[in-house]
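The values are calculated or read from the model by the stated rules, or taken from the named source; none is laboratory data. In this text, all values refer to a predicted model and were calculated from it rather than measured experimentally. Counting neighbours? That spans all protein chains shown, and the Cβs are built from the backbone with ideal geometry, glycine included. Quick note on the areas: whole protein, heavy atoms, side chains included, nothing else; ligands and nucleic acids left out. Shrake-Rupley method; radii C 1.70, N 1.55, O 1.52, S 1.80 Å.
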Amino acid sequence: MAQPMVKAVQVHKSFGRVKVLNGVDLEVAPREVLCIVGPSGSGKSTFLRCINHLEKIDAGQLFVDGELVGYARRGGKMHELGERAVAEQRKNIGMVFQRFNLFPHMTALENVMEAPVRVRGESRATAREHAVKLLDQVGLSARRDMYPAQLSGGQQQRVAIARALAMRPKLMLFDEPTSALDPELVGEVLDVMRSLAEDGMTMVVVTHEMGFAREVGDAVVFMDGGVVVESGHPRDVLVNPRHARTAAFLSKVL
Amino acid sequence: MTQAAESVESMPTVRRRQPGRWVAAAVVCVLLAMLVNTFVTNERFQWDVVFDWFTSDRILAGLGRTIQLTVISMLIGIVLGLVLAVMRLSDNPLLSGVAWAYIWLFRGTPVFVQLLFWGFISALYPRLSLGVPFGPEFTSFSANELISPFVAAILGLGLNEAAYMAEIARAGILSVDRGQAEAAQALGMTRGLALRRIVLPQAMRVIVPPTGNQAIGMLKTTSLVAVLAYPELLYSAQLIYSANYQTIPLLITASLWYLLITSVLSVGQFFVERHFARGSVISAGATDRRGSLRRLAARLPGRRP
Ligand SMILES: Nc1ncnc2c1ncn2[C@@H]1O[C@H](COP(=O)(O)OP(=O)(O)OP(=O)(O)O)[C@@H](O)[C@H]1O
Ligand SMILES: [Mg+2]
């Protein structure tokens, strides 16, 4: 097998005295779509945020494309990386948030162009050309000059996806990208994610959309209590779970 | 029933009568008339003297110094205040402690006293020198020469202002959703870049209105600089009336100038606020009420398309 895009080895994380991650192990192959499901408070968002070092892990190791995230190994110790080195790693990892987090003082187009221009140092013309293409890809070419406040939730989330893609990431993280949306707007966002998966993007998706996980996911992990309880092909995990906890969770959400 | 239904569309509405408003308006009119009357008939106002001096060289020179003091002190206050606000919000306990102590000291003592301290700094440090701490000295200056009344005024006003601006800027930065900085960092921005490009432009909406207030306050606080014998607007007026005894007219002259500049600052604040409202729901639509000002602004140079 090729080198995994994401590899987590015994990842631990606490907030003060609250242990949130108790040794998470998982792997995501390149071009694979991994869906993470689990009850509220099980540490799904926290784990996702560890992958791009928005949260520091306390113990264990996390690799993205073979590279240790947030730390460098030197002389048998893990040394925390400086801010710039961490920022450098994050360039390759796109993230989409539950609450969109678009920049409200910029138009859709400016949102998408911002990081390529300021972080990658692309020329405005190049960045603009790419941004126009991406907004077209998510079906928003007509709204590129609108501000986030003038867009619906579904449109905002699609701009957010385009914004993350503009950095040409090799991995995309989604944290419940449709949970803040009205039911009739969920479909348009899932469609964009589906076509992204078809194009071969490696994706880690925390979601409550079991239908999406079953259809688009190549693998599903069920997390509870800060550990991976069960993982495997969506058909197995979501249809014939082996663990009682998984079955109990699924009976509640399906 | 049918009759009511058919005539609803054509029925005019009658506004409620508000007799209280008419009474209040009448009272206000009478009071205004009395005020205007006394302005005009009380000869001790000496409006001719007021307007003789209004554009005199000495008053205008004082006005220029007042504006200069206001602008420079506010600039120092805003820049240093931003730095202090960022320090105060830093995870580094030393940085945030230093910022806290600065604010505690400069907000906790009267600006008048601070001005006096800077004015008398040479009593404390007769010579100021540049060199390696506890090591050799490169040059040194006499404090009296270096800290002129103007410099003392700028230091006193600017450093005091920074303490207030720090709290205003901190409130502004805290008003921006944490998700904004996170989204910026997730895109590979460093904290500094995220602050400059993403957080501060949004914080400005909260920072600008109280800063306008501070600028107007500063314009008037510069009059305290008279204590350093620096001839800004008020002290210039005082110098003139101590010679010609036209005390009241000259105080009115100065007051009219303060009022005029305050008004100009308020208009400036409007435009700055509108600039930073970019993308908010108000600027995105529903601006009819401000339509005329928008059109005025559209003709001003330097606007983004
Ligand atoms: N910054 C933080 N400080 C303290 N506790 C936190 C913090 N972030 C998360 N937690 C706690 O960690 C636990 C796991 O949170 P997390 O957001 O990862 O759960 P989740 O699986 O994403 O849940 P949900 O489905 O509700 O989003 C929760 O108990 C939460 O209260
Ligand atoms: Mg979550």
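Looking across the stretch A:184-204, the residues that are part of a loop (DSSP other than H, G, I, E, B) and open to solvent by less than 40 Å² (accessible area, probe 1.4 Å) come down to A:200, A:201. Residues that are of a type in the set (Ser, Thr, Tyr) and closer than 17 Å to residue A:172 by Cβ within the stretch A:13-66 comprise just one, A:45. The criterion of at least 3 residues that are open to solvent by 30 Å² or more (accessible area, probe 1.4 Å) is met, among helices (runs of 4 or more DSSP H) falling completely within the stretch B:186-288, by B:200-221, B:233-244, B:247-276, B:281-284.
Residue A:57 - would you say it is open to solvent by less than 20 Å² (accessible area, probe 1.4 Å) and within 14 Å of ligand 1 (Cβ to nearest atom)? Show your work before the answer.
Numbers: open to solvent by less than 20 Å² (accessible area, probe 1.4 Å): yes; within 14 Å of ligand 1 (Cβ to nearest atom): yes.
So residue A:57 passes the test.
Among the residues of the stretch A:129-176, those that are open to solvent by less than 10 Å² (accessible area, probe 1.4 Å), away from chain B (no Cβ under 13 Å) and not in a helix (DSSP H, G or I) comprise A:138, A:140. Of the residues screened, residue A:70 is one that is in contact with a His (Cβ under 6 Å, 6 or more places away or on another chain), at pLDDT below 95, within 21 Å of residue B:193 (Cβ to Cβ) and away from ligand 2 (no atom under 16 Å from the Cβ).
Among residues of the stretch A:202-215 that are within 16 Å of ligand 2 (Cβ to nearest atom), those with a Cβ under 8 angstrom from a residue that is of a type in the set (Ser, Thr, Tyr), sequence gap 6+ or separate chain, pair up as A:206/A:45; A:207/A:178; A:208/A:179; A:209/A:178; A:213/A:207. Taking the stretch B:16-73 as the range and being open to solvent by 80 Å² or more (accessible area, probe 1.4 Å) and outside any helix (DSSP H, G or I) as the test, the residues that pass are B:16, B:17, B:55.
Of all the criteria given as (1) touching a strand residue (DSSP E or B) at 6+ places or on another chain (Cβ under 8 Å); (2) more than 25 Å from residue A:88 (Cα to Cα), the one not satisfied by residue A:167 is (2). So which residues in the stretch A:23-43 are away from ligand 2 (no atom under 11 Å from the Cβ) and assigned to a loop (DSSP other than H, G, I, E, B)? Scanning the stretch A:23-43 gives A:29, A:30, A:31, A:32. In the stretch B:196-218, the residues that are more than 17 Å from residue B:165 (Cβ to Cβ) reach residues that are of a type in the set (Asp, Glu) and in a helix (DSSP H, G or I) with C-beta atoms within less than 9 angstrom, at least six apart or across chains, in these pairs: B:197/A:114; B:198/A:114.
This table checks each residue for (1) hydrophobic (A, V, I, L, M, F, W, C); (2) within 14 Å of chain A (Cβ to nearest Cβ); (3) over 17 Å from residue B:115 (Cα atoms).
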| residue | (1), (2), (3) |
| --- | --- |
| B:219 | yes, no, no |
| B:224 | yes, no, no |
| B:228 | yes, no, no |
| B:243 | yes, no, yes |
| B:255 | no, no, yes |
| B:263 | no, no, yes |
| B:267 | yes, no, yes |
| B:277 | yes, yes, yes |
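Which count do you get for residues in the stretch A:79-106 that are more than 7 Å from chain B (Cβ to nearest Cβ) and either of a type outside the set (Asp, Glu) or within 16 Å of ligand 2 (Cβ to nearest atom) (or both)? Qualifying residue count for the region: 13. If you filter the stretch A:205-247 down to residues that are closer than 13 Å to residue A:34 by Cα and among the hydroxyl-bearing types (Ser, Thr, Tyr), you find that the one that is surrounded by the fewest Cβ atoms within 10 Å (Cβ to Cβ) is A:231. Those residues that are open to solvent by 80 Å² or more (accessible area, probe 1.4 Å), within 12 Å of ligand 1 (Cβ to nearest atom) and closer than 18 Å to residue A:229 by Cβ, I need them from the stretch A:6-38; list them, please. Result: A:19, single match.
Criterion applied to B:89, B:128, B:124 was being over 30 Å from residue B:195 (Cα atoms) and surrounded by 15 or more Cβ atoms within 10 Å (Cβ to Cβ), and the one residue passing it is B:128.
Conditions tested, residue by residue: (1) away from ligand 1 (no atom under 16 Å from the Cβ); (2) among the basic types (Lys, Arg); (3) in contact with a helix residue (DSSP H, G or I) (Cβ under 8 Å, 6 or more places away or on another chain); (4) modelled with pLDDT of 95 or more.
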{"site": "A:46", "(1), (2), (3), (4)": "no, no, no, yes"}
{"site": "A:79", "(1), (2), (3), (4)": "yes, no, no, no"}
{"site": "A:82", "(1), (2), (3), (4)": "yes, no, no, no"}
{"site": "A:106", "(1), (2), (3), (4)": "yes, no, yes, yes"}
{"site": "A:109", "(1), (2), (3), (4)": "yes, no, yes, yes"}
{"site": "A:112", "(1), (2), (3), (4)": "yes, no, yes, yes"}
{"site": "A:131", "(1), (2), (3), (4)": "yes, no, yes, yes"}
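Selection of the stretch A:107-119 for residues being more than 9 Å from chain B (Cβ to nearest Cβ) and of a type in the set (A, V, I, L, M) yields A:108, A:109, A:112, A:113, A:117. Quick one: in the stretch A:203-239, of everything that is within 15 Å of ligand 1 (Cβ to nearest atom) and among the charged types (D, E, K, R), which residue is nearest to the chain's Cα centre (by Cα)? Among residues in the stretch A:203-239 that are within 15 Å of ligand 1 (Cβ to nearest atom) and among the charged types (D, E, K, R), the one nearest to the chain's Cα centre (by Cα) is A:209.
This table checks each residue for (1) touching a His at 6+ places or on another chain (Cβ under 9 Å); (2) among the aromatic types (Phe, Trp, Tyr); (3) farther than 18 Å from residue A:6 by Cα.
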residue: A:38; (1), (2), (3): no, no, yes
residue: A:42; (1), (2), (3): no, no, yes
residue: A:46; (1), (2), (3): no, no, no
residue: A:81; (1), (2), (3): yes, no, yes
residue: A:91; (1), (2), (3): no, no, no
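For the residues A:66, A:41, the requirement of being of a type outside the set (Phe, Trp, Tyr) and more than 16 Å from ligand 1 (Cβ to nearest atom) singles out A:66. Only a single criterion out of (1) open to solvent by less than 30 Å² (accessible area, probe 1.4 Å); (2) more than 9 Å from chain A (Cβ to nearest Cβ); (3) farther than 30 Å from residue B:119 by Cβ is not satisfied by residue B:180, namely (2). Meeting the requirement of 2 or more residues that are farther than 23 Å from residue A:175 by Cα, open to solvent by 40 Å² or more (accessible area, probe 1.4 Å) and out of contact with any Gly (no Cβ under 7 Å at 6 or more places or on another chain), the strands (runs of 3 or more DSSP E) wholly within the stretch A:67-120 are A:71-74, A:77-80.
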